[in-house]
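Structure record follows, encoded as structure tokens.
The values are calculated or read from the model by the stated rules, or taken from the named source; none is laboratory data. It should be emphasised that the depicted structure is a prediction, and the values quoted were computed from it without experimental measurement. FYI the Cβ positions are ideal-geometry reconstructions off the backbone, even for glycines, and counts take in every protein chain you see.
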Amino acid sequence: MQASFQLTDEQLVKIVREQDQELYSHIIKRYQTKLSHYLRKFIYDSDELEDVLQAVFIKTYKNLYGFNIDKKFSSWIYRIAHNEAINHIRKNSKIQLPLDEVEYKIIDENINLNNQVDNGLLKQKISQSLNAVKLKYREPLILFYFEQKSYQEISDILRIPKSTVGTLIRRGKLILKNHILENNPTKKRVKSYLEAVN
């Protein structure tokens, strides 16, 4: 048998289902960091994140025989992670999204943080505003900007038409921009950072 690292996800799933269930540990290794990073955009508390991540891998294993080998496994497991994250958010409505510097790219892909005097203020406003954006817009924003998922992958994960993905991302960016401007006491300073958003 080929070394597990040379197998595609789909090939590995087939072997786990038909020959060696112990190899499921390799799937966990492949996706532990990726899914942890993704879930971090929804869940700040490390213990809660680990609980949700464990639930994702348990659910994935239990439903492995229901996975269609002809489909993309990464989209399927992200779909499971997405569902678990949303369920967690609904049970914990006070959750706030943690942000790091990459989040600035949501509102302006050309922003240069080294030249921003008020980047601390902007970061705070993005954090507050992203948490205020409805999940229907927040989800595709996170998948596209933070997880670098394609429109097709986002379509598969969220189970929405591919044409809808771009619409939600565009509207989400606009809603985020407007929310920042409307809720910022020093609008003039922040507005200059948002001019690139269409």
Give the stretch 111-139 a look and list any residue that's surrounded by 14 or more Cβ atoms within 10 Å (Cβ to Cβ) and modelled with pLDDT of 85 or more, or say none.
-> 137, 138, 139
Given the conditions (1) part of a helix (DSSP H, G or I); (2) closer than 16 Å to residue 79 by Cα; (3) within 17 Å of the chain's Cα centre (by Cα), which single one is not true for residue 61?
-> (3)
Of the candidates 169, 160, the one satisfying the condition of being surrounded by fewer than 18 Cβ atoms within 10 Å (Cβ to Cβ), within 22 Å of residue 42 (Cβ to Cβ) and modelled with pLDDT of 85 or more is 160
Could you grab me the full set of residues in the stretch 31-51 that are part of a helix (DSSP H, G or I), among the aromatic types (Phe, Trp, Tyr) and over 10 Å from the mean Cα position of the chain (by Cα)?
-> 31
Being free of Cβ contacts under 8 Å to residues at least 60 places away in the same chain and in contact with a Lys or Arg (Cβ under 9 Å, 6 or more places away or on another chain), is that true of even one residue in the stretch 49-58?
-> yes
Among the residues listed as 86, 142, the single one being farther than 15 Å from residue 44 by Cβ and modelled with pLDDT of 55 or more = 86
